[in-house]
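These notes concern the structure reproduced below.
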Amino acid sequence: MKTIVANWKMNGSLDLLNQAMEAWQLKSGTNKVILCLPSVFLSAAHTLLRQPNFFLGGQDCHAALQGAFTGDTSAHHLYDAGCRYVLVGHSERRQHHHESNAMVKAKAQAAVAAGLTPIICVGESLEQREQGLALSVLQEQVEQSIPDNATDFYVAYEPIWAIGTGRVAALEDIQQVHAFLKQQLGVGVKLLYGGSVTADNHAFILSLENVDGVLVGGASLKIDDLGKMVRF
Ligand SMILES: O=C[C@H](O)COP(=O)(O)O
């Protein structure tokens, strides 16, 4: 069984979610699916949890479990809303919200404390890849973003230049990075690839050694395509 993480980002609608739930009811794919919805939709998606292989995830959480942080989301509240996973350190947050490795580590620690499994996102820029710095950048990110006491977590490798561009990483590059991350983190670590994954290319990526699943953005909003990736 592979893991398909569907990250709707700040997209979709309650209507689309209801269409998806209609299409997926009474179905259970052969792959595990973690639906990372906008937080406001999580309660509406609760009935999906009755279906085997369906899980909910958050797209971010605060490093504190509670407090005067208007508009932020606590890992506790994600757990209460039925989530058992949460993305932390997504490159869009690292870039737009200036999240450092230390901040990502603190968020992952809060996730673990609240009973969530963190999905820790790492990835290099095009400039870093072209300069041959990809593996050293990734090594620093994993060394500094993963909590020391974490035993159950995913690492999502998302080359920044592949996100939302339609330019999926070459299979050999994915294989090289995932082998490196397994070497760095131990064979028990669960690794996802993200960056322009579609219903057309996901099977090739999932067939690679050391790829335990994919993190899908744009294509996950196409209900039929997500169904193909979940293998209904
Ligand atoms: O979280 C998903 C990743 O950012 C990939 O997004 P994408 O599939 O639209 O390239």
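Restricting to region 87-120, name every residue that is more than 18 Å from residue 56 (Cβ to Cβ) and within 12 Å of the ligand (Cβ to nearest atom).
Selection gives 89, 91, 92, 93, 94, 95.
Which residues, counting only those in region 192-222, are assigned to a helix (DSSP H, G or I) and over 20 Å from residue 59 (Cα atoms)?
202, 203, 204, 205, 206
Select, from 37, 78, 56, the only residue that is free of Cβ contacts under 8 Å to residues at least 60 places away in the same chain, in contact with a Phe, Trp or Tyr (Cβ under 7 Å, 6 or more places away or on another chain) and under 27 Å from residue 91 (Cβ atoms).
37
Given the criteria within 24 Å of residue 29 (Cβ to Cβ), of a type in the set (D, E, K, R) and either in a helix (DSSP H, G or I) or touching a strand residue (DSSP E or B) at 6+ places or on another chain (Cβ under 9 Å) (or both), does residue 225 qualify?
Numbers: within 24 Å of residue 29 (Cβ to Cβ): yes; of a type in the set (D, E, K, R): yes; either in a helix (DSSP H, G or I) or touching a strand residue (DSSP E or B) at 6+ places or on another chain (Cβ under 9 Å) (or both): yes.
So residue 225 fits the description; yes.
Looking at region 57-80, can you tell me whether even one residue there is within 16 Å of the ligand (Cβ to nearest atom), β-branched (Val, Ile, Thr) and either over 21 Å from residue 169 (Cα atoms) or part of a helix (DSSP H, G or I) (or both)? Write out each step before concluding.
Our first condition is that a residue be within 16 Å of the ligand (Cβ to nearest atom); within region 57-80, this holds for 57-61.
Now drop any that are not β-branched (Val, Ile, Thr), which leaves none.
Within region 57-80 (the criterion being within 16 Å of the ligand (Cβ to nearest atom), β-branched (Val, Ile, Thr) and either over 21 Å from residue 169 (Cα atoms) or part of a helix (DSSP H, G or I) (or both)), the answer is no, since none of the residues qualifies.
Go through region 84-128 and count every residue that is surrounded by fewer than 24 Cβ atoms within 10 Å (Cβ to Cβ), within 13 Å of the chain's Cα centre (by Cα) and in a helix (DSSP H, G or I).
Residues that pass the stated criteria total 3.
Can you tell me how many residues in region 8-54 are on the phi > 0 side of the Ramachandran plot and touching a Leu at 6+ places or on another chain (Cβ under 7 Å)? Working first, answer last.
Of the residues in region 8-54, the ones on the phi > 0 side of the Ramachandran plot are 9, 12, 26, 53.
Retained after the next criterion (residues that are touching a Leu at 6+ places or on another chain (Cβ under 7 Å)): 12.
Residues flagged as on the phi > 0 side of the Ramachandran plot and touching a Leu at 6+ places or on another chain (Cβ under 7 Å) within region 8-54 amount to 1.
Working only within region 7-29, note down all residues that are of a type in the set (A, V, I, L, M) and either in a helix (DSSP H, G or I) or within 16 Å of the ligand (Cβ to nearest atom) (or both).
Going residue by residue through region 7-29, those that are of a type in the set (A, V, I, L, M) are 10, 14, 16-17, 20-21, 23, 26.
Residues satisfying the conditions are 10, 14, 16, 17, 20, 21, 23.
Would you check if residue 187 is of a type in the set (A, V, I, L, M) and in contact with a helix residue (DSSP H, G or I) (Cβ under 9 Å, 6 or more places away or on another chain)?
Details: of a type in the set (A, V, I, L, M): yes; in contact with a helix residue (DSSP H, G or I) (Cβ under 9 Å, 6 or more places away or on another chain): no.
Against the criterion (of a type in the set (A, V, I, L, M) and in contact with a helix residue (DSSP H, G or I) (Cβ under 9 Å, 6 or more places away or on another chain)), residue 187 does not qualify.
Pick out the one residue from 199, 169, 156 that is hydrophobic (A, V, I, L, M, F, W, C) and within 9 Å of the ligand (Cβ to nearest atom). Full working, then the answer.
Details: 199 fails: within 9 Å of the ligand (Cβ to nearest atom); 169 fails: within 9 Å of the ligand (Cβ to nearest atom).
Every option except 156 fails the conditions.
Could you grab me the full set of residues in region 1-59 that are closer than 18 Å to residue 158 by Cβ and surrounded by fewer than 16 Cβ atoms within 10 Å (Cβ to Cβ)?
10, 11
Does residue 191 satisfy being modelled with pLDDT of 95 or more and either in contact with a Phe, Trp or Tyr (Cβ under 7 Å, 6 or more places away or on another chain) or within 21 Å of residue 4 (Cβ to Cβ) (or both)? Break it down stepwise before answering.
Working: modelled with pLDDT of 95 or more: yes; either in contact with a Phe, Trp or Tyr (Cβ under 7 Å, 6 or more places away or on another chain) or within 21 Å of residue 4 (Cβ to Cβ) (or both): yes.
Spelling it out, residue 191 is indeed modelled with pLDDT of 95 or more and either in contact with a Phe, Trp or Tyr (Cβ under 7 Å, 6 or more places away or on another chain) or within 21 Å of residue 4 (Cβ to Cβ) (or both).
The values are calculated or read from the model by the stated rules, or taken from the named source; none is laboratory data. This structure is a prediction, so every number in the text was calculated from the model and none was measured. Because the Cβ atoms are built from the backbone with ideal geometry, glycine has one as well, and the counts that use them run over all protein chains shown.
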